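Take a look at the structure below.
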Amino acid sequence: MKLLAIESSSRTAGVALLDDNGIIGEYSINYLKHSVILMPMIDELLKRCNVSVKDITHIAVSEGPGSFTGLRIGAATAKGLAHALNIPVVGVSSLLSLAYNVSEFDGLICPILDALNGQVYGMLVRGKDFEVIEKQDVYSIEEISKIVDNYSDKVLFVGEGVNVYKNIIHEVLGDKALFAKDKDNMARASSLGELALLKIKRNEIMSFFEFKPIYIRKSAAEIRFGGEGS
């Protein structure tokens, strides 16, 4: 099995190649123009790993939440490749992928992405066994902090939202809030890929036609003009 993982839900564009033994290679660029760099990154990764595109058996992609534009670019890339190669797609939560960056933490993990206007995409996960304690949704930073405060455990916050809201979270939670290192706050295609491998073992796959991103909320344009959300 050869799995290509594509991460484009936030500022970081990332691609990784994995097989049954783990990670073969990975490229990450903390750069917003995913439409320009994603396909060249995939091409370069395959060349460096001496793997033909025809060897790929599965494609994993971030299903969201996150940047609407980034998710659409990732979805279009994954669906196009899966269609051309006639292989299945595996959608993985971008928030779970962030939590996986700090999977060695034996406690509560709160991955957050900036949803703008004082809001975050967030969820609460118990480390090690990856049990979802609070489902992924869009919250105000005060709401997610109060939810976390209901638990007696210290909580490790991880994700790009940490850079934006760290001070506010610390004001609400004090020493109860822990914060991941900067390197772990970046979305990683390899984390997404490792979670995808687990889903493949459970046969949680779909066709390119079935896959679509999970946005959670309407875009600003949809809210303004009254369109339906995805």
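The values are calculated or read from the model by the stated rules, or taken from the named source; none is laboratory data. If you're wondering where the values come from, they're calculated on a predicted model, not measured in any experiment. Reconstructed Cβ throughout: ideal geometry from the backbone, glycine too, with neighbour counts over all protein chains shown. Calculation scope for accessible area: heavy atoms of the full protein, side chains included, ligands and nucleic acids excluded. Shrake-Rupley method; radii C 1.70, N 1.55, O 1.52, S 1.80 Å.
Quick rundown of the values:
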{"item": "Prolate/oblate/rounded call for the range 128-167, Cα gyration tensor, a/c under 1.5 rounded", "result": "rounded"}
{"item": "Pair residue 172, residue 55: separation of 7 Å Cα→Cβ label points (nm)", "result": "4.7"}
{"item": "Around residue 151: net Lys/Arg minus Asp/Glu count, Cβ-Cβ under 12 Å", "result": "+1"}
{"item": "Prolate/oblate/rounded call for the chain, Cα gyration tensor, a/c under 1.5 rounded", "result": "prolate"}
{"item": "Separation in nanometres of the label points that stand 7 Å from Cα toward Cβ, at residue 163 and residue 140", "result": "2.6"}
{"item": "Solvent-accessible surface ranking, highest first, for 58, 34 at 1.4 angstrom", "result": "58, 34"}
{"item": "Ranked order, 63, 171, 104 - accessible area, probe 1.4 Å, largest first", "result": "171, 104, 63"}
{"item": "R0 of 22 Å, Cβ-Cβ distance residue 150-residue 203: FRET efficiency to nearest 0.05", "result": "0.05"}
{"item": "Cut-off 16 Å (backbone N to label point 7 Å along Cα→Cβ of residue 214), residues of the range 132-162", "result": "132-139"}
{"item": "Heavy atoms of residue 1 accessible to a 1.4 Å probe, total area in Å² rounded to 10", "result": "70"}
{"item": "List 114, 129, 106, ordered by accessible area with a 1.4 Å probe, largest first", "result": "106, 129, 114"}
{"item": "Filtered chymotrypsin sites (Phe, Trp or Tyr not before Pro), the range 24-86: DSSP coil and at most 16 other beta carbons within 10 Å", "result": "31"}
{"item": "Sites residue 84 and residue 133 - FRET efficiency at Förster radius 35 Å, r taken between beta-carbons, to 0.05", "result": "0.35"}
{"item": "Helix-derived mean residue ellipticity, 222 nm - over the chain, DSSP H n ≥ 4, -39500 (n - 2.57), to 500", "result": "-11000 deg cm²/dmol"}
{"item": "Helix 68-85 vs. the chain, principal-axis angle (Cα, 0 to 90°, nearest 10)", "result": "30"}
{"item": "Loop-located trypsin sites (Lys or Arg not before Pro) in the range 73-182 whose Cβ has at most 15 other Cβ within 10 Å (DSSP)", "result": "128, 154, 181"}
{"item": "Percent carbon-and-sulfur accessible area, the chain, ignoring ligands, DNA and RNA, probe 1.4 Å", "result": "50"}
{"item": "The chain: relative contact order as a whole-number percent, Cα under 8 Å and 6+ apart", "result": "23"}
